[in-house]
1. Please state which one of A:D421, A:D512, A:D508 is surrounded by fewer than 16 Cβ atoms within 10 Å (Cβ to Cβ) and in contact (Cβ under 8 Å) with a residue 12 or more places away in the chain.
2. Looking only at the range A:316-342, how many residues end up being under 11 Å from A:I167 (Cα atoms), assigned to a helix (DSSP H, G or I) and in contact (Cβ under 8 Å) with a residue 60 or more places away in the chain?
3. Could you check, for the range A:66-81, whether at least one of its residues is modelled with pLDDT of 95 or more, over 19 Å from A:K476 (Cβ atoms) and of a type in the set (A, V, I, L, M)?
4. It is to be established whether one or more residues within the range A:256-271 are buried (at least 24 other Cβ atoms within 10 Å of the Cβ), small (G, A, S) and within 13 Å of chain B (Cβ to nearest Cβ).
5. Kindly indicate whether A:I199 is without any contact (Cβ under 8 Å) to a residue 12 or more places away in the chain and surrounded by fewer than 19 Cβ atoms within 10 Å (Cβ to Cβ).
6. Within the range B:189-204, count every residue that is within 13 Å of chain A (Cβ to nearest Cβ) and either touching a helix residue (DSSP H, G or I) at 6+ places or on another chain (Cβ under 8 Å) or under 28 Å from B:H486 (Cα atoms) (or both).
7. I'd like the full set of residues that are of a type outside the set (A, V, I, L, M) and within 9 Å of chain A (Cβ to nearest Cβ), limited to the range B:407-431.
8. Does any residue of the range A:303-315 turn out to be among the hydroxyl-bearing types (S, T, Y) and touching a strand residue (DSSP E or B) at 6+ places or on another chain (Cβ under 9 Å)?
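The values are calculated or read from the model by the stated rules, or taken from the named source; none is laboratory data. Bear in mind the structure is a predicted one, so any value in this text is a computation, not a measurement. Here the Cβ is made from the backbone with ideal geometry for all residues, glycine too, and neighbour counts use every protein chain on show.
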There are 2 protein chains.
Amino acid sequence: MNSSAGSGGEMEVDSNKQEIFQRTKNAVLVNGVILNGPITDSKAGEKFVEDACKIIMEEVIQKAADVTEKVCEWQPPEKLKKLLDLEMRDTGEPHQRLLQLCQDIIRYSVKTNHPRFFNQLYAGIDYYSLVARFITEALNPSVYTYEVSPVFLLVEEAVLKRMIEFIGWKEGDGIFNPGGSVSNMYAMNLARYKYCPDIKERGLSGLPRLVLFTSEECHYSMNKAASFLGIGTQNVYFITTDERGKMIPEELEKQVQRARKEGAAPFLVCATAGTTVLGAFDPLDKIADICERHGLWLHVDASWGGSALMSRKHRKLLHGIHRADSVAWNPHKMLMAGIQCCALLVKDNSDLLKKCYSAKASYLFQQDKFYDVSYDTGDKSIQCSRRPDAFKFWMTWKALGTTGLEERVNRALALARYLVDEIKKREGFQLLLEPEYANICFWYIPSSLRKMEEGPEFWEKLHQVAPVIKERMMKKGSMMIGYQPHRGKVNFFRQVVISPQVSREDMDFLLDEIDLLGRDL
Amino acid sequence: MNSSAGSGGEMEVDSNKQEIFQRTKNAVLVNGVILNGPITDSKAGEKFVEDACKIIMEEVIQKAADVTEKVCEWQPPEKLKKLLDLEMRDTGEPHQRLLQLCQDIIRYSVKTNHPRFFNQLYAGIDYYSLVARFITEALNPSVYTYEVSPVFLLVEEAVLKRMIEFIGWKEGDGIFNPGGSVSNMYAMNLARYKYCPDIKERGLSGLPRLVLFTSEECHYSMNKAASFLGIGTQNVYFITTDERGKMIPEELEKQVQRARKEGAAPFLVCATAGTTVLGAFDPLDKIADICERHGLWLHVDASWGGSALMSRKHRKLLHGIHRADSVAWNPHKMLMAGIQCCALLVKDNSDLLKKCYSAKASYLFQQDKFYDVSYDTGDKSIQCSRRPDAFKFWMTWKALGTTGLEERVNRALALARYLVDEIKKREGFQLLLEPEYANICFWYIPSSLRKMEEGPEFWEKLHQVAPVIKERMMKKGSMMIGYQPHRGKVNFFRQVVISPQVSREDMDFLLDEIDLLGRDL
């Protein structure tokens, strides 16, 4: 009875039920539903997947390396709603129509794979992680127990082990999470559990005020985490940074003492290795000294900067990271493992992660299984179903080797260096600061402003330049680069260099194009 | 300079740097890295993706509908480590070797798409969501701002709108999260924020003890959430359930009064619509009365049972859900949208979600953008990068129509009904309880135990039956079904019916196979 409707691949039982019932031998009907045989037309389904894969191959993957393609085909929200047929109806659509929809979806989506997509801390196409991701989607696993996800649990274990080595720990534990923000939350909760295990059961009510420390330049997930975990954003003490965006250790020392004087309970320092906007690295070694002296958990948010650990040349940026108690590191950024691939790594090897997070669900983590249930690592997670994100990174690592990953990091940072030198050479471009990493922050100053004094009027006018250039580049589709105001500085561009598809020519293009789009301003 | 090494597709710069340098016109060398031209061989990369897709098509997708294939090829952890080459080395592997690795990964992974995979609350293959997932992976978007993710943000909005309609709200808000557990956490935090907005900034320290209520049969994420959010597991008051696993409203009333007497601050009731083990539905209408009376937020964890809303016949299971303040509903379960696809839906339409979660990162959520920034919904999330999970469900909905989704639910529940009737007919099979939904819980009693009195010795022996049968079926690879002990009941099987690839014949097979594997016990 492998029949199907023309539309959605599953038959319309209601309409032709009786007819099929007559045709089917030994048909079993329950509540008006025929239960014999599958109702999916698997041949038609497979054909649909094949046709769609062809579109994906041609429209996304083959165009990813082509700089002559647009980065985006900009449409404002209300217009895009009209261009796309988003409505979900009672009746399904035929395959041809669905394939057209796939093309529209792709057409109007931003090509984050494009060599001139510089807008976020991820970019480019990595063919190996992409294959791993296709495998994952086809197999549809959930990584909680060995019985359901044997391969992916072992892969996660192997990847975590190597990442731990690169941090410089002799042993450790870890887990992949849906985002660096979530990894930071895990670390915060883990530090709190270590500080006072009773909180897991008793909660924070009636306890002294817990306080954590992080730099002014930290990721916004610190505030989100403090609020979500019931600690409160007021109890995040932000430490002043120097002119390059690095936490000043002496200021940290002062703030810890201030918290103690207030009768609060300091428990955690979150240092950042690679800040989001400036790409700054906190001085980990000095911070670790302070943490040791005060008995504070040291978490390093290396979501962005962690990838420098793969480079013998650049790993010194994270000097002292081996002294951290936990590290967040996202291979989906500079190592291009695909969104999301985010590890939280923990130095402790006494099962702290499991003790802190376990809920021991008896339907999932039965103890009388016939294999070693220590491989059922899902109870370390706040999630129940969990994706095998480590696998994407593993595949790329297998394909490129450690040397190939190192080369990517070295090349991205060499390109950043090249861009910095070009910015210094060109009239109308001004660096915010000498970068440490792959974030190059700069202003474009149109000729009309070049002779103006750098007073309030100048800054006010300059503030309006980047948004206009951004609008023009989006509408043209030639490239994408982010801008922002930041800590008293007016809107500036933040260029991020990652992908091995990007070359010197793209850096030159970037500056030429900004000049072209903004010279009349 | 589009050259590449044989191995990983990116060239070994160190070894032949000088040679290439000589060959390249206008070569730019920074820190020993040549910056001209991309270093990825995109043609080789595309070829690799094509070859891998062929393997995925043949080994995963085409075999998904074939009951003669094994559900799993079981290997114990230590042996599997030896069979797979997991080690990441300095040098990359050539494409042929990588393709072999892909085959091994697939071979030893559990086929959750297999028609006889009944082990979890997800199963089967949906060709439409699969295509959406491939598109997502190829485009690699992150859903936080309209500028980076225009299509997927509009899709999410459209899907949330329809889900809100099916709940029966006139308006509402929502967000897709990485798992129902995370959705439950969102709801708990949102209820807390509504109860006392100050907590976001001030935290829980010094506040009265917050207490929430949920049934004994709730998902384990309630405990995880209470612990993670700093509320503490002791402050989750578990409400007694009746013999079918449904929360007893009178007991809830008593517990709320108890909490008040203790001086605690009740703020939330989490009802469950479709419990994990028994598939029980709490009486939402009566619970809503109590919540109204006491001014408590009502969250309904319909992660599993929410899909019944798509069926006119079965939506009565969730009678009263429109009175909830928030609902968690995972279309990746019975509606087969692929892991993960999990919505948190919120009745409030005064931007509560945004107020509760926003951190207003200026580098991402600039207010001077040239489009309507109300579409930048990422600040509603605890995540920074976020996957476009709504899109998978949207594609399936487009393909099948509401009618097709309804049919899936009706068929799964009719199959469940059929299985129940068969269990009642067959000697040696015993239902735990009359199910409401698609979880059929039953014991298999081997002939050696059939004449034994149901005393302690009987239960002790019966407890050991399911694990042995499970081990045998895993090693044979014929099917996968879960078992667990539960609230004083010894190990029993939990059969879950979902996929439209599953038929009556598979239900018969399930019982025959258990009998075959266990009759000698």
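1. Details: A:D421 fails: in contact (Cβ under 8 Å) with a residue 12 or more places away in the chain; A:D512 fails: in contact (Cβ under 8 Å) with a residue 12 or more places away in the chain.
Within the list A:D421, A:D512, A:D508, the selection yields A:D508.
2. 2
3. no
4. No.
5. Details: without any contact (Cβ under 8 Å) to a residue 12 or more places away in the chain: yes; surrounded by fewer than 19 Cβ atoms within 10 Å (Cβ to Cβ): no.
Against the criterion (without any contact (Cβ under 8 Å) to a residue 12 or more places away in the chain and surrounded by fewer than 19 Cβ atoms within 10 Å (Cβ to Cβ)), A:I199 does not qualify.
6. Within the range B:189-204, residues that are within 13 Å of chain A (Cβ to nearest Cβ) and either touching a helix residue (DSSP H, G or I) at 6+ places or on another chain (Cβ under 8 Å) or under 28 Å from B:H486 (Cα atoms) (or both) number 10.
7. Within the range B:407-431, the first condition is being of a type outside the set (A, V, I, L, M), and the residues that meet it are B:407-408, B:410-411, B:417-418, B:421-422, B:424-430.
B:E407, B:R408, B:N410, B:R411, B:R417, B:Y418, B:D421 - these are the residues of the range B:407-431 that are of a type outside the set (A, V, I, L, M) and within 9 Å of chain A (Cβ to nearest Cβ).
8. Going residue by residue through the range A:303-315, those that are among the hydroxyl-bearing types (S, T, Y) are A:303, A:307, A:311.
Add one more test, that the residue is touching a strand residue (DSSP E or B) at 6+ places or on another chain (Cβ under 9 Å), and what stays is A:303, A:307.
Yes, the range A:303-315 contains at least one residue that is among the hydroxyl-bearing types (S, T, Y) and touching a strand residue (DSSP E or B) at 6+ places or on another chain (Cβ under 9 Å).
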